[in-house]
Amino acid sequence: MLGLSDLGTVVRTVLDRRLAAGSTAPIAVALSGGGDSRALALMAADWAQVHGRRLAILTVDHGLNPDSAAWSAACAALAVRLGATFHPLAWTGDKPAQGLPAAARAARHRLLADAARAIGARVILMGHTASDLAEAAAMRAEGSTTPSPREWAPSPAWPEGRGVFLLRPLLAASRAQVRGWLTDLGETWIDDPANEDQRFARARARLAEPPAVAPLAALDPELAALAAGAQIDAAGVVSLPRVRLPERLVAAAALCAAGTARPPRADRLARIMQHLPLEEPFITTLAGARIQAKGERALFMREQGELLRSGIADLVLAPGEQTVWDGRFEITTQRVAVIAPLTGHAAQLPRAQRAALHDVPVRARAALPVVLDGDQAACPLLEETPGVSVRNLVRERLLAAAGAVEREP
């Protein structure tokens with residue numbers, strides 16, 4: 001079993017490697033009050049003090065247990081003890097009757113990402129261990145699609161998690177080792193009874209005591225290099241070479257170009273991978289993206305039909321407001337602005353913008369955002385628009401998904 005100094009050394013090594021030296025951004029810790037996250041908070045506090053970084057404790061109350069308020073209070077007390085700021089977060093509203101663990105996990109990531117961005121944190125520390133890796137593997141063996149937690153990964157919440165990364169420094173230690181470390185310090189922790197509820201696949205996997213597995217290897221550097229070399233235009237259209245295109249990058253390019261968040265189905269992705277390396281042209285859709293393969297390149301762009309079928313409404317933004325439009329473009333306004341899809345408004349664009357539109361693939365045009373002003377329209381992606389700024393999120397997201405960002409930005 002890892003001793004006090006051993007486990008601390010493991011975690012410090014990971015933090016030193018992944019967190020930016022000299023950064024003044026706060027370090028956020030997702031604290032549930034359980035043993036793993038409590039141990040991580042203690043170790044992160046020591047590291048933050050040495051490096052002059054502020055520590056922020058983020059605690060999500062899912063509202064699923066009558067004791068959850070008391071658990072949050074215990075987390076708040078630990079934050080006070082560590083000299084950290086405390087940020088209580090709550091999952092409110094109706095809870096689903098089916099798929100509750102997945103819904104709770106998605107809500108947790110959204111809340112954590114929103115809170116991290118609000119306080120200026122770029123990294124959220126999470127207390128997953130080698131036992132979580134083993135449980136995820138056991139769940140997949142039973143037919144689940146549960147992914148394995150990685151040491152370093154972009155937040156899965158989109159667009160809430162843009163620019164936010166998750167860091168899991170405890171993946172080399174088992175849950176028993178972490179709790180042994182806490183016991184040696186005289187610390188106590190909270191045990192959520194949901195972890196023993198056999199209605200849920202993770203609880204069943206935990207009870208089965210799956211064998212320990214090694215932490216996941218780092219992403220393939222070739223994947224990161226291909227993502228870094230991708231051609232991405234102002235409209236968010238991604239161009240990649242068809243040959244030797246990894247499946248993981250195809251899925252990521254589709255999600256990023258479409259601005260969507262739900263990973264594609266494995267069988268659908270597998271069929272596309274059979275056609276991509278071939279010479280003949282083909283067109284298909286994946287995860288809300290249109291894929292056009294011709295010659296040596298494959299283009300990934302927003303599927304305009306899917307966008308329009310989703311019924312995206314015009315947005316009215318107040319001065320100083322910021323929003324993410326269709327998961328692809330971060331729009332900030334300095335004046336009142338009405339944002340809508342280009343479809344139906346192309347004729348209202350200024351002549352220079354109509355000319356610039358010819359450089360955008362035909363099937364990607366209708367999904368561009370425009371600013372409506374009476375009977376006039378302007379596309380800030382084609383030409384600077386007074387009072388409205390736009391940031392294309394596609395490249396940033398693709399690089400993060402492909403592992404090209406290896407430490408705190």
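The values are calculated or read from the model by the stated rules, or taken from the named source; none is laboratory data. Quick caveat, the model's predicted, so the values are computed rather than measured. Cβ atoms come from the backbone with ideal geometry, glycine included; neighbour counts cover every protein chain shown. The accessibility values were calculated without ligands, DNA or RNA, using every heavy atom of the protein model including side chains. Shrake-Rupley method; radii C 1.70, N 1.55, O 1.52, S 1.80 Å.
Below are the figures for this structure:
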item: Net length gained if the chain between Arg407 and Ala102 were fully extended (0.36 nm per residue, minus Cα distance); result: 107.1 nm
item: For segment 115-124, 3J(HN,Hα) per residue [Karplus equation, 6.51 cos²θ - 1.76 cosθ + 1.60, θ = phi - 60°, Hz, x = Gly/Pro]; result: 5, 4, 5, 5, 9, x, 7, 9, 9, 10
item: Distant-in-sequence amide H partners of Leu55 (H built 1.01 Å from N, under 5 Å); result: Ile27, Thr85
item: Net length gained if the chain between Glu222 and Ile283 were fully extended (0.36 nm per residue, minus Cα distance); result: 19.4 nm
item: Cα-centre dipole for segment 3-158 with unit charges at Cβ (Lys and Arg positive, Asp and Glu negative), debye to 20; result: 480 debye
item: Against the rule of thumb 2.2 N^0.38 Å, how large the Cα Rg of the chain comes out; result: 1.07
item: Inter-centroid distance (Cα atoms) of segment 217-275 relative to segment 304-357, Å; result: 25 Å
item: Alpha-carbon Debye profile of segment 5-216, log10 I(q)/I(0) at 0.09, 0.11, 0.12, 0.18 Å⁻¹; result: -0.32, -0.50, -0.60, -1.51
item: Within the accessible area of the chain (1.4 Å probe), percent carbon and sulfur; result: 54 percent
item: Kirkwood Rh, angstrom, segment 312-395 [1 / mean 1/r, Cα pairs]; result: 12.8 Å
item: Candidates Leu240, Leu100, Leu182: whichever shows maximal mean-square fluctuation once the chain is modelled as a Gaussian network with Cα springs under 10 Å; result: Leu100
item: Two-decimal Rg to Rh for segment 267-409 - Kirkwood Rh, Cα set; result: 1.01
item: Label zone at Val338 (point 7 Å along Cα-to-Cβ), backbone N below 13 Å, segment 372-394; result: 372-378
item: For segment 312-395, accessible area per residue (1.4 Å probe, heavy atoms of protein chains only), Å²; result: 47 Å²
item: Listed residues Thr333, Ala77, Pro281: farthest to the positive end of the dipole of the chain (Cβ charges); result: Pro281
item: Hydrodynamic radius by Kirkwood, which averages 1/r over all alpha carbon pairs of segment 222-306, in angstrom; result: 12.6 Å
item: Whole-Å distance, taken between Cα centres, linking segment 52-66 and segment 372-389; result: 41 Å
item: In sequence order, calculated HN-Hα J values of segment 31-41 (Karplus, 6.51, -1.76, 1.60; Hz; x Gly/Pro); result: 10, 9, x, x, x, 5, 6, 5, 4, 5, 4
item: Cα centre as origin, Lys/Arg/Asp/Glu Cβ charges: the chain dipole, Debye; result: 480 debye
item: Placed amide H near Leu286: partners under 5 Å, 5+ positions off or other chain; result: Ile291
item: Mean accessible surface per residue for segment 5-216, computed with a 1.4 Å probe while every protein chain stays in place, in Å²; result: 46 Å²
item: Amide H contacts of Val123 (H built 1.01 Å from N, under 5 Å, at least 5 apart or other chain); result: Ala28, Phe165
item: Computed E for Arg248/Thr188 - FRET, C-beta separation, R0 45 angstrom, nearest 0.05; result: 0.65
item: Rg to Rh quotient for segment 1-63, alpha carbon positions, Kirkwood Rh; result: 0.99
item: Gain in span if fully extended, Ala352 to Glu142, counting 0.36 nm per residue against the direct Cα distance; result: 69.9 nm
item: GNM flexibility winner over the chain from Gly127, Gly161, Gly99 (Cα, springs under 10 Å); result: Gly99
item: ³J(HN,Hα) computed for each position of segment 18-25 - Karplus, 6.51 cos²θ - 1.76 cosθ + 1.60, integer Hz, glycine/proline x; result: 9, 8, 6, 5, x, 5, 9, 5
item: Most mobile of Ala21, Ala74, Ala136 in a GNM of the chain (Cα contacts under 10 Å); result: Ala21
